[in-house]
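Written out below as structure tokens is the structure these notes cover.
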Amino acid sequence: MASSTHNYLNHEKGLWSWLTTLDHKRIGIMYMITVLLFFAIGGTFAMLLRTELIAPGETIFGAQLYNQAMTFHGAIMVFMVIIPGIPAFIGNFILPLHIGAKDVAFPRLNLLSWYCLIVGAAITFVSLIYHGSDTGWTFYTPYSIETDNGTTWVVLGAFVMGFSSILTGVNFVTTVHKLRCKGMTFFRMPLMVWGLYSTAILQILATPVLGITLLLLAAERILGVGIFDPKLGGDPVLFQHFFWFYSHPAVYIMILPAMGIISELITAFSRKTIFGYRAIAFSSIGIAAVSFFVWGHHMFVSGQSELAGVIFSLLTMLVGVPTAIKTFNWVATLYKGSVQFQSPMLYALGFLFLFTIGGVTGIMLATIGMDVHFHDTYFVVAHFHYVMVGGTLMAIMGGIYYWFPKMFGKMYNELAAQLSFLFIFIGFNVTFFPQFVLGAMGMPRRYFDYLPIYEPLNKISTFGAYMIGFGFLIGLYVIIDGLLKGPKASDNPWGAKTLEWQTASPPPHENFLTEPEVTAGPYEYR
Amino acid sequence: MFGLIISLLVGKTIKASTFMPVQGSQVAAQVDSLYMFLLVTSAIFCVLVIGGLIYFVLKYRRKSDDDKTAYISHNNFLEFLWSFIPFVLFMIMFGWGWHVFHQMRDFSKDSLEVHAVGQKWFWDFKYKSGKSSAGEFYVPVNTPIKLIMTSKDVLHSFFLPGMRIKQDVIPGRYTALAFTPNKEGTYQVFCTEYCGDQHSSMLAKMKVVSQEEYEQWLQEDASAGLSLVEVGQKVYEQKCAVCHNTNAERKVGPGFAGLYNSERQFADGSSAVADENYIRESILVPGAKVVNGYPPAMPSFQGQLSEDELSGLIEFIKSLK
Ligand SMILES: [Cu+2]
Ligand SMILES: [Cu+2]
């Protein structure tokens, strides 16, 4: 074991040593700080939106501000929190440790990808000087072309942030192929690595399409080239095809690594090997592959041909199958286990609960005759929050608590962490379950004002949002308190089997003092 | 008999608890049956997964620190089963959804055609007889209707929850909706594609009425017997209220109160007094003089208003003090 005095945190000192670091662990921590900061901003926008919606008519701000807050909430949460949240933050820290490597394959590229995120985010925030942007995070044309404000900046910012995602993807694919330690065959990799690996492939293949699309949009706004604007002979629906060709796979960029984390948590806290390792690993790849052919399910009523709609509906159903398999496998893993309810596990169980609801409502939306009614209503809003927040965010939170002792060598206050979970989990359901009902009743999304019949459920929803907000404040306290005053953590506080737990907490600069050698699978709880 | 009452009651409560809007057509009823099926299968699935989850974590919670756990790596039969059963279910859902969708897209040749034009932020309707209306339109019950739609500016989407149908409305192109209303009443229309500031005010009403009532409505002259100011007020409510207040308060554009005869400052630095000609020009060629401090967001109403309606609007604005 490493001596506890020397580790990656005190390997070098000073801000400059952080800003120029090539250590994947430090870059991971820098991502952590930025992602949490963006999450706080995006979350504040969410609170403002829900407060405005507490009653019909104008409550705290007018339509214009509401639409801008809605746009920033979406763009920040998608491009700056959920997409980099797991791969770039947790993945960066954990992936090399998981496969027994010293670092990622391209440490300089890794640092560059962090700067891409920062520069892209900065460009996005410049738009605030130009009255922000009010297009929604989807930038649908031709509205996004003619709206008179900082949309160009937001679009260019998202373009630059795309590079962060691509570079991380390139880095991870190479790392997984080239840097596995001795004995680490593909089928001995933790499922987290499979999740990150399939995500990385998506990041490489899909993100450039978004980049090109956003560039075309910017060109259209600045130079007046007619690609999407019907006034100039363009086709506004073409934009939607381009946009969702990226943004559907992006949904899996957000959820696949989350599924990886869940596999780690479920095995560690039930002390059991995963049920159906290969099924879970291959279903990650399967989901990634099929996800490129389902983008049209966002466009059933966009004016695309009827036949196209039907084919996209069919293909979307097929993605449901591997997703269902994973869910069953996780539940089956608990069978005859020894289940412990520490906060990371609570988040994993919360994930299974919420993701199941998100999943079945996704199937409802994939059913084309049903989607015509639900499309662009609050039903869709509820569905994707169940998947993105109930899924990805739950996994991020679980992952933070799970690897916190490894990252910082300290323990957090377990009781407070559980309390925080309780508020977030209950608050989440209070916020978003009523939105399914609102959607069935026909309330459209992106509405600053609504008919009086929708008021009671909106009130409940806003109340739930405050509960979530309070829960996250407790969570913030847990993290800060743990960092400042947490008792020292042992190297393997959870008794888990994957490689990262066999080195010191926090790990030394070079991860492992002697190169590890693997002789068995990742979850050998015998 | 008793069984019938029970099933009726149960049926009623189930229907009420799905929260769907009133069913205005045969297709809406079909969508609701599909919805019921999806809801029930989803609920069963959730109960199975979440119930199993809760059962397992309680039953197998850690009893002591040296609990021994079973080493179960996989089970081919089980895994086949829980891939195959969802697959079959998903295919049933897909097929049923396709069937319902196909009904929605059934444009019968003898439908009554109505043109709808979306524009920030109201809906205009035109009938073959030449009748036109804004914000509200009439259709006869039990008649197949075809809405032929386009947009004057950005994307909008025409959503009729009572019929369970919607369709995006696209500038420079026609899209269409088909439905056969089978219940008289007033139905809400929403815009469901984000289109800017007043997106949530882009509402309309559809009145499904008897054939006689419909024909009577087609004949009647909406402004007959109204004073000029009343004609103006009506047009204002349909086409201008989303952007202009009747008091002096700013909305998307300036409030109208006190506008007449006041001195206006323009974005290019010039100024003018708001007389009848100025108001007329503002409505027909809004780009000519843009009021200082406002975006050039006012659409032109050239060709959309009759001479009477224009005069009415001007008189109505003059009446606001
Ligand atoms: Cu999608
Ligand atoms: Cu709209």
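Within the stretch B:293-308, the set of residues being out of contact with any Asp or Glu (no Cβ under 9 Å at 6 or more places or on another chain) and open to solvent by 60 Å² or more (accessible area, probe 1.4 Å) comprises B:298, B:302, B:303, B:307, B:308. Considering only residues in the stretch B:136-195 that are of a type in the set (Gly, Ala, Ser) and more than 13 Å from ligand 2 (Cβ to nearest atom), the one that is farthest from the other protein chains (Cβ to nearest Cβ) turns out to be B:185. Picking from residues in the stretch B:100-123 that are in a helix (DSSP H, G or I) and in contact (Cβ under 8 Å) with a residue 24 or more places away in the chain, the one that is nearest to ligand 2 (Cβ to nearest atom) is B:104. In the stretch B:205-216 there is no residue matching the filter, namely being within 14 Å of another protein chain (Cβ to nearest Cβ), open to solvent by 20 Å² or more (accessible area, probe 1.4 Å), more than 16 Å from ligand 1 (Cβ to nearest atom) and closer than 26 Å to residue A:61 by Cα. Filtering A:233, A:303 for residues that are within 7 Å of another protein chain (Cβ to nearest Cβ), farther than 30 Å from residue B:71 by Cβ and surrounded by fewer than 24 Cβ atoms within 10 Å (Cβ to Cβ) leaves a single hit, A:303.
Checking each residue in the stretch B:263-274 for being in a loop (DSSP other than H, G, I, E, B) and surrounded by 13 or more Cβ atoms within 10 Å (Cβ to Cβ) picks out B:267, B:274. Filtering A:387, A:430, A:381 for residues that are aliphatic (A, V, I, L, M), open to solvent by 10 Å² or more (accessible area, probe 1.4 Å), more than 14 Å from chain B (Cβ to nearest Cβ) and within 21 Å of the chain's Cα centre (by Cα) leaves a single hit, A:387. Does residue B:88 qualify as being more than 17 Å from residue A:280 (Cβ to Cβ) and not in a loop (DSSP other than H, G, I, E, B)? Yes, satisfied. Check residue A:250 against each of (1) open to solvent by less than 10 Å² (accessible area, probe 1.4 Å); (2) away from ligand 2 (no atom under 16 Å from the Cβ); (3) under 23 Å from residue A:150 (Cα atoms) and name the one condition it does not meet. For residue A:250, the failing item is (3). Against the numbered list (1) over 23 Å from the mean Cα position of the chain (by Cα); (2) away from chain B (no Cβ under 14 Å); (3) among the β-branched types (Val, Ile, Thr), residue A:261 comes up short only at (1).
Selection of the stretch B:124-175 for residues being open to solvent by 20 Å² or more (accessible area, probe 1.4 Å), of a type in the set (A, V, I, L, M) and not in a loop (DSSP other than H, G, I, E, B) yields only B:148. Restricting attention to the stretch A:501-513, does a residue exist that is assigned to a helix (DSSP H, G or I), closer than 30 Å to residue A:334 by Cα and open to solvent by 40 Å² or more (accessible area, probe 1.4 Å)? Yes: one or more hits.
Restricting attention to the stretch B:58-91 and to residues that are among the aliphatic types (A, V, I, L, M) and over 19 Å from residue A:366 (Cβ atoms), the residue that is surrounded by the most Cβ atoms within 10 Å (Cβ to Cβ) turns out to be B:72. Looking only at the stretch A:413-425, residues that are open to solvent by less than 20 Å² (accessible area, probe 1.4 Å) and over 21 Å from the mean Cα position of the chain (by Cα) come to 1 in all.
Taken over the stretch A:313-338, residues that are open to solvent by less than 10 Å² (accessible area, probe 1.4 Å) and among the charged types (D, E, K, R) amount to 1. Considering the stretch A:433-455 alone, what residues qualify as being open to solvent by less than 20 Å² (accessible area, probe 1.4 Å) and outside any loop (DSSP other than H, G, I, E, B)? Once the filter is applied, which keeps residues that are open to solvent by less than 20 Å² (accessible area, probe 1.4 Å) and outside any loop (DSSP other than H, G, I, E, B), the stretch A:433-455 yields A:434, A:435, A:436, A:438, A:439, A:440, A:444, A:454. May I ask you to verify whether residue A:346 is within 11 Å of chain B (Cβ to nearest Cβ) and more than 22 Å from the chain's Cα centre (by Cα)? When the stated conditions are applied, residue A:346 does not pass them.
Among the residues of the stretch A:255-311, how many are within 16 Å of ligand 2 (Cβ to nearest atom) and part of a helix (DSSP H, G or I)? Please lay out each step first, then the result.
Of all residues in the stretch A:255-311, those within 16 Å of ligand 2 (Cβ to nearest atom) come to A:301-303.
Okay, now just the ones that are also part of a helix (DSSP H, G or I), so none.
Total meeting the criteria: 0.
Taking the stretch B:42-63 as the range and being more than 7 Å from every other protein chain (Cβ to nearest Cβ) and in a helix (DSSP H, G or I) as the test, the residues that pass are B:43, B:44, B:47, B:48, B:51, B:54, B:55, B:58, B:59. Would you check if there is a residue in the stretch A:37-44 being open to solvent by 30 Å² or more (accessible area, probe 1.4 Å), closer than 26 Å to residue A:451 by Cα, modelled with pLDDT of 90 or more and of a type outside the set (D, E, K, R)? Yes, the stretch A:37-44 contains a residue that is open to solvent by 30 Å² or more (accessible area, probe 1.4 Å), closer than 26 Å to residue A:451 by Cα, modelled with pLDDT of 90 or more and of a type outside the set (D, E, K, R).
The values are calculated or read from the model by the stated rules, or taken from the named source; none is laboratory data. What you see is a predicted model, and the numbers here were worked out from it, not measured in a lab. Methodologically, a virtual Cβ is constructed for each residue, glycine included, from the backbone with ideal geometry; neighbour enumeration extends over all protein chains shown. Side chains included, ligands, DNA and RNA excluded: accessible areas come from the protein's heavy atoms. Shrake-Rupley method; radii C 1.70, N 1.55, O 1.52, S 1.80 Å.
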